[in-house]
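S.K.: Have a look at the structure that comes next, please.
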């Protein structure tokens with residue numbers, strides 16, 4: 001599964017979301033967990049060549065699962081990547097756009 005972020009460009013892969021029965025034809029709001037990458041709070045997003053940050057292993061970012069809501073339009077095509085907006089419950093409500101593939 002891939003992640004998206006409010007700080008950088010979203011990953012090239014789509015976030016996969018499994019739709020519960022009944023929401024595909026009627027649409028609606030879905031609560032789910034979304035993988036989000038964020039600058040490492042320990043090293044401040046710095047990448048190290050000689051000494052790696054123990055929290056992010058020197059990548060400068062962390063990926064965490066964040067609760068959020070997404071509005072699913074009715075009769076949206078399954079399996080086709082498309083941009084949708086999420087409301088994330090991370091330090092208050094934050095809006096984020098990500099490429100989503102509904103299955």
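S.K.: Could you grab me the full set of residues in segment 87-101 that are at positive phi and at pLDDT 80 or above? If you could, list the steps in order and put the result at the bottom.
M.R.: If we filter segment 87-101 for residues that are at positive phi, which is where we start, we get 91-92.
Correct list: empty.
S.K.: Still on this structure, please answer the following. Can you tell me which of (1) surrounded by fewer than 10 Cβ atoms within 10 Å (Cβ to Cβ); (2) farther than 14 Å from residue 18 by Cα; (3) touching a residue at least 12 places away in the same chain (Cβ under 8 Å) is the one residue 92 doesn't meet?
M.R.: Only one criterion in (1) surrounded by fewer than 10 Cβ atoms within 10 Å (Cβ to Cβ); (2) farther than 14 Å from residue 18 by Cα; (3) touching a residue at least 12 places away in the same chain (Cβ under 8 Å) is unmet by residue 92, namely (3).
S.K.: Here's another thing I want to ask about it. Take the residues of segment 3-20 that are at pLDDT 75 or above and part of a loop (DSSP other than H, G, I, E, B): which is nearest to residue 99 (Cα to Cα)? Walk me through how you get there before you give the answer.
M.R.: First, the residues of segment 3-20 that are at pLDDT 75 or above: 14-20.
The next check asks that each one be part of a loop (DSSP other than H, G, I, E, B); those that pass are 14, 18-20.
Working: 14: 5, 18: 14, 19: 15, 20: 19 Å.
The qualifying residue nearest to residue 99 (Cα to Cα) is 14.
S.K.: Since residue 76 meets every condition but one in (1) modelled with pLDDT of 85 or more; (2) surrounded by 12 or more Cβ atoms within 10 Å (Cβ to Cβ); (3) not in a strand (DSSP E or B), which condition does it not meet?
M.R.: The failed condition is (1).
S.K.: Then there's this: For the subset of segment 42-58 comprising residues that are buried (at least 16 other Cβ atoms within 10 Å of the Cβ) and in contact with a strand residue (DSSP E or B) (Cβ under 9 Å, 6 or more places away or on another chain), which member is farthest from residue 97 (Cα to Cα)?
M.R.: Keep residues of segment 42-58 that are buried (at least 16 other Cβ atoms within 10 Å of the Cβ), which gives 43, 45, 53, 56, 58.
Restricting the remaining residues to those that are in contact with a strand residue (DSSP E or B) (Cβ under 9 Å, 6 or more places away or on another chain) gives 45, 56.
On the way: 45: 22, 56: 24 Å.
Residue satisfying both the conditions and the ranking: 56.
S.K.: So, one more: Test residue 39 against the stated conditions and say whether it is surrounded by fewer than 15 Cβ atoms within 10 Å (Cβ to Cβ) and modelled with pLDDT of 80 or more. Write out each step before concluding.
M.R.: On the way: surrounded by fewer than 15 Cβ atoms within 10 Å (Cβ to Cβ): no; modelled with pLDDT of 80 or more: yes.
For residue 39, the condition - surrounded by fewer than 15 Cβ atoms within 10 Å (Cβ to Cβ) and modelled with pLDDT of 80 or more - is not met.
The values are calculated or read from the model by the stated rules, or taken from the named source; none is laboratory data. The model shown is predicted, which means the values in this text are computed figures rather than measured ones. Cβ sites come from the backbone with ideal geometry, for glycine too, and all protein chains shown count toward neighbours.
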